[in-house]
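Only one structure is covered here, and it is reproduced in the block below.
The values are calculated or read from the model by the stated rules, or taken from the named source; none is laboratory data. Everything quoted here is computed from the prediction, not taken from an experiment. We place every Cβ from the backbone using ideal geometry, glycine too, and count neighbours over all the protein chains shown. Calculation scope for accessible area: heavy atoms of the full protein, side chains included, ligands and nucleic acids excluded. Shrake-Rupley method; radii C 1.70, N 1.55, O 1.52, S 1.80 Å.
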Amino acid sequence: MHVAVQAIDRGIWRNGVASEGTRFIPEETPLALTYNGGTYAVMMGTPQNLEDFAVGFSLDEGIIKSVDDIKSLDIVRLDDGIELRMWLTAEDATLISERRRHVAGPTGCGICGIESIAEAVRPAAVVPHGQSFTPEEIMTAMQAIAPLQSINLQTRAVHAAAFWSPAGHIVALREDVGRHNALDKLAGALARSRTDTRGGMVLLTSRVSVEMVQKAAAIGAPVMVAVSAPTALAVRTAEAAGITLIAIARQDGFEVFSHGDRVAARHATEVADVA
């Protein structure tokens with residue numbers, strides 16, 4: 001039985017004092033993604049919300065265009081890992097055979113096994129304009145993540161990806177030891193629930209590398225906010241994709257790296273009322 005969190009007894013040495021105790025730590029499990037009987041990739045991840053991970057990975061990788069392209073999905077638990085077994089249409093299966101990965105991905109690996117530079121830095125999808133958010137709304141959204149991280153509250157060792165609705169609340173949050181996996185799981189959860197992502201924000205508890213921007217663009221979210229800094233390539237990719245990239249979001253504020261027009265001091269309706 002694969003569980004997301006394990007209780008481990010360990011020795012403790014702090015401030016010159018030895019003791020013993022129990023700590024909850026996240027599980028890390030090989031997750032094999034297979035399509036029509038062939039393995040595409042093996043990633044290390046947290047064995048939770050695996051249907052979401054399978055769907056989100058498939059969408060973010062461009063393997064499928066819609067959740068409906070997956071004819072069947074089975075979670076097969078093996079002694080040494082878990083197989084996410086999917087069956088696609090014959091047409092999609094042909095595409096898979098042409099671009100199958102050959103390298104296993106360690107924890108946190110976003111593009112491991114990609115076979116060409118062009119594929120690694122592929123242009124991200126261009127997102128719709130969406131709506132603007134005030135700094136107060138952005139800060140409120142980021143502060144809403146921590147209380148919903150059930151695994152991290154126990155372990156302090158996993159990443160989270162969440163989606164903030166224009167209605168003003170988090171509609172989905174997923175956790176994983178790998179930041180890319182957490183975002184894939186979020187993508188799958190949103191696709192399976194048919195959530196309209198065109199006006200919301202993707203929220204991340206990690207840094208922003210280029211593949212995180214590519215995944216957010218595949219989700220269709222016009223704004224992404226992260227607690228840590230982006231890479232230069234991530235900024236350029238966000239700019240080209242039309243994504244407002246906000247990072248280094250802390251309790252005292254944040255920094256805007258691209259398409260800052262979606263960050264408004266006040267909403268247009270409020271400005272009109274004042275005028």
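Remark: the range 185-193, residue by residue, has Karplus-estimated 3J(HN,Hα) of 4, 4, 4, x, 4, 5, 5, 5, 8 Hz, where x stands for each Gly or Pro and the curve is 6.51 cos²θ - 1.76 cosθ + 1.60 at θ = phi - 60°. Fully extending the segment from Arg23 to Asp196 would add 58.4 nm, taking 0.36 nm per residue of separation and subtracting the current Cα-Cα distance. Here the convex hull built on the C-alpha positions of the range 135-258 has a volume of 90 cubic angstrom per residue. The convex hull defined by the C-alpha atoms of the range 182-233 has an orientation-averaged projected area of 3.3 nm². For Gln154 and Asn15, the difference between the fully extended length at 0.36 nm per residue and the C-alpha to C-alpha distance is 47.7 nm. Calculated accessible area for the range 135-258 comes out at 36 Å² per residue, all protein chains present (probe 1.4 Å; ligands, DNA, RNA ignored). Overall, the accessible surface of the range 135-258 at a probe of 1.4 angstrom is composed of carbon and sulfur to the extent of 50 percent. The simple spin-label model puts a point 7 Å past each Cα toward its Cβ; for Thr39 and His169 those points are separated by 4.3 nm.
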